[in-house]
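To start, the structure under review is shown below, and the notes come after it.
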Amino acid sequence: MVRLVSRCALALGAGAFVPSALLAQATAIAEQSACAQARAGAGVASPCADGSAIVYNPAAIGAAGNQLSVSGIGTAPGGSFTRPSTGVTDDLRGAANGIPTVYLTRRLTDRATFGVGVSLPFSSSVEWADNAAGRFVAFQSGFRRTDLTPTIAYQLAKGITLGVGANVGFFSTRLRERLDLARVPALVTPGGPITFGQAGVAANTDFADQDIGGNGVGIGGTVGLLLEPVKWASLGARYQSSQSVDITGTADFTAVRTGLVVPANIPSPTNPAQTAIPRGASVDAILGPNFIGTGAYTDGAVAYRARTPDQVTVGLALVPTKSVRVLADAQYTWWSKVDSVRYDFANALTPDFTVQQRFANTWAWRGAVECTAVKDIAFRLGYAWLDAAVPAQNVTTELPEASRQLFSAGVGYQVSKGVKLDVGYTYLRQPDRIGRAGDGNLPVPTTAQNDGLFRYQTHLFAATLAFAY
């Protein structure tokens, strides 16, 4: 026993220094159970036996047997944005976020296993104060794709298993931001509109709160292959398709009082001798009609498209001793499919707009060690590295992402013959990254608009209960 524990300690210690671990790239979530979180998401060649193979490699769901598992994964993020020009720091509101998952597996024959899972492969949630510097880009944003995945695995021959799953993706999105009065036309003249900014209103003057949200359903699939040529090694591969869904959501507008008055008479564009807007007039009263009836900023429908990318993962699992398992994965994600989001309002008077994303394709590298030297107990360590999908010119309050490392650990315990408990902890470390609070009034911002520094980190906690039946 002492020798086994010593081997386990050495293996876990070595795993702690293997370069690589990850929480998420852009909006992708790698942790779909407590066991998988403790492994930093590694295991396409040997997924956890808790049903989460439905996500990681559907070919391997047979290892779970007849089982129901339920997981809860909580995140506690923290971060800030600082503008050197002002010295002001805005803190990210670190509300805890929950990620539930459920998996059910059932052996049909010696070769065939059926499973169905509810998971959250893509999710992000960011919230800042409504007076934060980046409020005109976003001070609340959210994106979720919850998958319902019926899956079948079949052993084609000894050591060769194929799995296929259908991903029914339920999309939910939100974007909340403030609108800048300085960009809004005050008058329309033969020579073009005159904005409030041109009439003397300062930039970054709030006059409206715009809250856009919507839901949609997409369809995709996952294919997995598991090769087990020898008892001490296995190879795994998995492909998950992209999804794209057209959403008709709602846009809610709320007037924000400016308290401003017109500083000087504004002449009529057709007759300069006449006054169109008199000095001392309330700007809020002038804007009022835009928020009632069929005005430009009345609640209504808005159409846009949400996308998630293709992913390919390959991995290797080795069992050098009876009590030690070593895992290594590489994943490539086609984030370039997430280019931009165009918001088209049903109200012709409401200005349509486009959010530039222009994500880059990325690699993620994961490694983990698992040890079962003590009866009924498994110890796990994971570490991973992932590239940043968000390009330098689009690091904003909506998604302040950078390249990331993740350090994870966890324990599994066989409570009884039919009950298993897993717990996991993860620390995500992200280097500071330069980004922007605004867009410089440009349709396609560049790095020249970058004006501050984002800091971000998070802690994750997970627990999974699995019941054999």
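The values are calculated or read from the model by the stated rules, or taken from the named source; none is laboratory data. Keep in mind that what you see is a predicted model, and the values were worked out from it rather than measured. Quick note on the areas: whole protein, heavy atoms, side chains included, nothing else; ligands and nucleic acids left out. Shrake-Rupley method; radii C 1.70, N 1.55, O 1.52, S 1.80 Å.
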Summing -39500 (n - 2.57) over every DSSP H run of at least 4 in the chain, dividing by its residue total and rounding to the nearest 500, the 222 nm mean residue ellipticity is -1500 deg cm²/dmol
Too long at a 28 Å Cα-Cα cut-off: which of Lys337/Lys420; Lys231/Lys337; Lys322/Lys420? Lys337/Lys420; Lys231/Lys337
Between the Cα axis of helix 2-15 and the main Cα principal axis of the chain, the angle (0 to 90°, nearest 10) is 30 degrees
Would you mind checking which residues have amide H under 5 Å from Thr275's amide H? H placed 1.01 Å from N; only 5 or more apart, or other chain. Ser268
In whole Hz, the Karplus estimates of ³J(HN,Hα) for the range 74-86 (6.51, -1.76, 1.60; θ = phi - 60°; x where Gly or Pro) are x, 10, 10, x, x, x, 7, 10, 10, 9, x, 5, 10
Solvent-accessible surface (1.4 angstrom probe) belonging to Glu31, in square angstrom, nearest 10: 0 Å²
Any chance you could check the Cα centroid distance between the range 122-167 and the range 338-410 for me, in angstrom? 10 Å
The percentage of the accessible area of the chain (probe 1.4 Å, all protein chains present) made up of carbon and sulfur atoms, to the nearest whole number, is 60 percent
Derived scalar couplings ³J(HN,Hα) [the range 156-162; Karplus, 6.51 cos²θ - 1.76 cosθ + 1.60; whole Hz; x for Gly, Pro]: 6, 7, 4, x, 10, 10, 10
³J(HN,Hα) across the range 44-51 via Karplus (A = 6.51, B = -1.76, C = 1.60, θ = phi - 60°), whole Hz, x for Gly/Pro? 4, 8, 6, x, 4, 8, 10, x
Using a 1.4 angstrom probe, figure out how much accessible area the chain has per residue, in square angstrom, rounded to the nearest whole. 44 Å²
